[in-house]
Amino acid sequence: MQYSYRATNKQGTTLSGHVDAPSESAAVGALHERGLTIVSLEPVVRSIFSGGDLLQFLNRPKTKDVAAFMRQLSVLIEADLPLSESIRTLAAQMSNQAFKRVVNDIADRLEGGASPSEAFSAHPELFAAFSIKLIHSGEVSGKLKETLSHLAEYLERNQAVMSKVRRALAYPVFVIATMVVVAIIMVVYVLPQLLVIFKESGITELPLSTKMLIWITDTVNKYFTALFIMSAVAIAGIFQWMRMPNGRSWWQRIQLRIPGFGRIVRAFMIARLSENLSTLVKSDIAILDALRVTGDIMGNIVYRDILLHAEEEVRGGGTMSDVFRRYPVDIPPLVTSMLAVGERSARVGQILERVGIFYRTESEGRIDTISSLIEPVLVTVLGLGVAVLVSSVLLPIYSLVGAS
């Protein structure tokens, strides 16, 4: 439950904002813990028709918005502006109302006495455990400026890679979707009227492709509703299963074994693993915490399990390189050997940073290569499909004309 409040702090300044709490008494307690004297406290009533939850869902901040916010915040902090004032300044310039409310709430919490990590952790949907750990590290070490700069760089790198992946997938997804729509229109509306000519002509010797086309057209038109429902249920079922732990685990493991594509995923995952660990270690996060946080945000169960195994090994006095060496398929020997050098020289953060740069460059290069190959492959497939369709229709027509 969310409550809207007006309160005064110890300096007599009037503040307003929102607080999340399971009950009104809990909200009062949370505000008192911040040292605030409550002037008014009211529950926030939302309705999807009044522009509340629905508007927030439609206008929810994207990853690039968060990356831009952290970069701008790091610049303002480097200019020696107070953190809460910097956040208020950024909020005043935001056009995304949902994000603006979140940022103002963070400022409210800071002005109410919460620490930066506590204020940001109130919105885990935007600021993951990785970001909170870095911010907390900056608080403890007194290096909040440097930490925010590291976090901004990490988010920008991650956003750049994800944008490249989306651009690479946009073209084939569009072409394939268009082909499916055109095929449905042809089978349902165009081909039935055209193929009836062959049925009424009495031709007995039709090409195999024409017979298959007639069978597909008849089947689809006869059972269109049933096929549509079955396809929709099957697709929904597959997506739902993929969201479950077993299905997600299966798919993440399969991704790493697909020829060609698996190498891209593996390079991308190693780059993410190295960059996350490097950023956390260089921000003075304990290695055990760094391994656990990195494992939680990897997004792949294979590498999560490897990092959790490494955490157990390091806790018992072992090294990360010893664990990585046991997974030569998922962790290339190059990574293991470089990490071992970093452990011996006490330069794990710097070594992992270089590993991350190398594999990020490799993954981006492979994505560019795949992107350049997708277009001619799709054009070839489309051309073959058109050739089969045209030959299936024209050959019987030529036979019919010749017979007459």
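With contacts taken as Cα pairs under 8 Å and at least 6 residues apart, the chain reaches a relative contact order of 13 percent. Each other residue within a Cβ distance under 10 Å of residue 94 adds +1 if Lys or Arg and -1 if Asp or Glu, for a net charge of +1. When the Cα centres of region 102-132 and region 303-367 are compared, how far apart do they sit, in Å? If you average the Cα positions of each part, the centres end up 31 Å apart.
Lys/Arg Cβ at +1, Asp/Glu Cβ at -1, dipole of the chain taken about the Cα centre: which of 262, 380, 89 is farthest positive-ward? Looking along the dipole axis, the top candidate is 380. Applying a threshold of 19 Å to the alpha-carbon distances of 64/164; 10/100; 100/143; 145/282; 64/100; 64/282 flags 10/100; 100/143; 64/282 as lying beyond it. Convex hull volume per residue, computed on the Cα atoms of region 60-118, equals 78 Å³. Spin-label model, residue 241/residue 337: points 7 Å from Cα along the beta carbon direction are separated by 4.2 nm. Taking label points 7 Å from Cα along the Cα-to-Cβ direction, residue 368 and residue 211 give a separation of 5.1 nm. Here the dipole of the chain is about 660 debye; that uses its Cα centre as origin and unit charges on the Cβ of Lys and Arg (positive) and Asp and Glu (negative). In region 167-404, taking the dipole from charged Cβ atoms about the Cα centre, the farthest positive-side position among 288, 210, 230 is held by 288.
Size descriptor for the chain, Kirkwood hydrodynamic radius: 26.1 Å (Cα pairs only, one decimal).
Hydropathy first: keep DSSP H helices in the chain averaging at least 0.5 on Kyte-Doolittle, then drop any whose Cα extent along the axis falls short of 24 Å, and list what survives. Don't jump to the answer; show the numbers that get you there.
Numbers: long enough: 144-185 (59 Å, 0.72); 224-243 (28 Å, 1.51); 261-282 (31 Å, 0.58); 348-403 (81 Å, 1.07).
Both cut-offs are met by 144-185, 224-243, 261-282, 348-403.
Computed from the C-beta positions of residue 6 and residue 289, the FRET efficiency with R₀ = 60 Å rounds to 0.95. For residue 33 and residue 85, what does the FRET efficiency come to when R0 = 22 Å and r is the distance between their Cβ atoms, rounded to the nearest 0.05? So the FRET efficiency works out to roughly 0.45.
One decimal place: the segment residue 42-residue 165 gains 39.8 nm when fully extended, by the rule 0.36 nm per residue minus the C-alpha distance.
Restricting the calculation to Cα atoms, region 286-379 yields a radius of gyration followed by a Dmax of 16.0, 56 Å.
Counting beta carbons within 10 Å around each of 312, 125 and listing the fewest first gives the order 125, 312.
Based on the Cβ-Cβ distance of residue 382 and residue 125, what FRET efficiency does E = 1/(1 + (r/R0)^6) give at R0 = 51 Å, to the nearest 0.05?
Details: r = 40 Å, r/R0 = 0.79.
Computed FRET efficiency for residue 382 and residue 125 comes out at 0.80.
FYI, it's all coordinate maths here, none of it is from the lab. Remember, predicted model here, so these are calculated numbers, not experimental data. Counting neighbours? That spans all protein chains shown, and the Cβs are built from the backbone with ideal geometry, glycine included.
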